[in-house]
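One structure below.
Values in this text are rule-based calculations from the coordinates and carry no lab data. Since the model is a prediction, treat every value here as computed from it, not as a measurement. Virtual Cβ from ideal backbone geometry, glycine too; neighbours counted across all protein chains shown.
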Amino acid sequence: MAENFQIVSYERNTSDTKKTDIQFLNKEIADKVRGFHQSFPQYKQTPLKRLRNLAQEMGVEEIFVKDESYRFGLNAFKVLGGSFAIGRYIAEKLGRDISELPFAVMTSDEVKCQLGELTFVTATDGNHGRGVAWTANQLGQKSVVYMPKGSAQERLDNIRAENSEASITEFCYDDTVRMARKRAEQPNCVLVQDTSWEGYTEVPSWILQGYTTMADEIYEQLGDKRPTHIFLQAGVGSMPAALTGYFANVYADNQPIISIVEPTKADCIFRTAQAHDGRLHFVTEEMNTIMAGLACGEPCPIAWEVLRDYADHFISFPDYAAAKGMRILSSPLGEDERVISGESGASAFGCVMEILSNPSLQDIKDELGIDEHSRLLFVSTEGATDRKNYKDIVWNGKYPSSKGSLV
């Protein structure tokens, strides 16, 4: 139903003097970040899948989906940010440049001896925490990970498998972040959180930079197939800000139309864009969306500044469209490749597939400027990180209709 979809459009600001500086997300930085990630023995470029038959079915020129379910064997992109932030923290602590600390050096006994015993602390819906715990485990260090109420047991088990002190709290995501902040005040603890606040911006900036490895791979894989439209899902906004900043840099002369997509039940970026009053706007209601990775009620300030100045559209949409996206990706047309995508991973994709196929959403399609010449880029940020829920949605038809009701 059209009333469940909302869009806010910003007129692109062409005055560089009034725009947020995004050079910390440029190609040169991304090359350095990617070099760090390439030093990991688990590194392998994740695939960019070209869905030709689906593009024809939807009446567009191209559909590309970056499949992050292959990332480092952890089934999600988040490890890119957490690992790079930890790497930068270690470099700063040792007074060295990150280029001097490839994986083999960073995990060496010599570096561990110099660092002493550290505990990396974070709050997470699952994927970010797993990446932080994995990196700490690789370093022979400790981690403490807090998860919000309602988190999937499978995600908790995956984090505990990395020798992490992990638990599910009785709080929402944003209050769980505050819990992690308090825990990180203990001696030899380091907070690795993918959102920022006053006095805490350096680590979140490093996390944003970590995500540019993914963007740099996409840019290389696309070659001369510049996308006309990029759709990025948001929680606190760090991932879409990182990719928006990167693509605004590399396509500075002809920036693609960038749209930020969120679940209606957790649309803090959308609400902030809609208010357009210079303040951040929070979601204070219950965020019981199926998109657990996006169930964040407070925007990351440094991420919002990038999105405010370089994104074009902000979309709020209902859960059923994400479920539809998961099913479409799992059932490819013709010779298109299958993508196993979780609830958050398929969110932006599902939202746009519904817009393209639902006549009642024609006005939004027109607002986005999508036509037969459009080349659409999506990022499937996670695989099936909650396999039970994945089966319920893809096999058993959970969230079957535009009413978004559970079955």
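Once the Cα-Cα distance is subtracted from the 0.36 nm per residue extended length, the GLU170 to ASN188 segment shows a gain of 3.9 nm.
For the chain, leaving out every one of the trypsin sites (Lys or Arg not before Pro) that falls in a DSSP loop and has at most 16 other Cβ atoms within 10 Å, the longest unbroken run is 150-224.
For segment 69-116, the percent of C-alpha pairs falling in each 5 Å distance bin, counted from 0 to the bin holding the largest distance, reads 5, 20, 27, 22, 14, 9, 3. At a Cα cut-off below 18 Å, give the lysines reachable from LYS112, other chains included and same-chain residues fewer than 8 away excluded. Straight-line reach from LYS112, under 18 Å: LYS93, LYS142.
Highest mobility in the GNM of the chain, judged by mean-square fluctuation with C-alpha springs under 10 Å and restricted to ASN53, ASN396, ASN127, is found for ASN396. Computed from label points 7 Å out along Cα-Cβ, the spacing between THR107 and ALA252 is 3.7 nm. Going 7 Å from the Cα of ALA161 toward and past its Cβ, which residues in segment 18-53 have a backbone nitrogen under 19 Å from where you end up? The answer is 41-44.
Note on LYS225: lysines with a C-alpha under 28 Å away, same-chain residues under 8 apart excluded, are LYS19, LYS27, LYS32, LYS44, LYS49, LYS66, LYS78, LYS324, LYS365. Under the simplified labelling scheme, the GLU335-ASN288 pair shows an inter-label distance of 4.7 nm, with each label point 7 Å from Cα along Cα→Cβ. Annotation: amide H of GLU382 within the under-5 Å range of GLU68, GLY342, GLY345, sequence separation 5 or more or interchain, hydrogens built in the peptide plane. The fraction of all Cα pairs in the chain landing in successive 20 Å bins from 0 to the largest distance is 29, 61, 10, 0, given as whole percents. Looking at segment 215-298, the chymotrypsin sites (Phe, Trp or Tyr not before Pro) that sit in a DSSP loop and have at most 14 other Cβ atoms within 10 Å of their own Cβ are PHE282.
Relative contact order, percent, of segment 324-385 when contacts are C-alpha pairs under 8 Å separated by at least 6 residues? Across segment 324-385, relative contact order equals 41 percent.
With each label modelled as a point 7 angstrom along the Cα→C-beta vector, the ASP363-GLN38 pair spans 4.9 nm. Estimated at 0.36 nm per residue, the fully extended path between GLU61 and LYS391 surpasses their Cα-Cα distance by 115.7 nm.
Where both bridge residues fall in the chain, DSSP classifies roughly 20% of the beta bridges as antiparallel.
Here the convex hull built on the C-alpha positions of segment 79-193 has a volume of 88 cubic angstrom per residue.
Once whole DSSP H runs in the chain are found, which of them have Cα atoms spread over 20 Å or more along the helix axis and a mean Kyte-Doolittle score of at least 0.5?
Values: long enough: 79-94 (22 Å, 0.75); 202-222 (31 Å, -0.20).
Span-like helices, by this rule, are 79-94.
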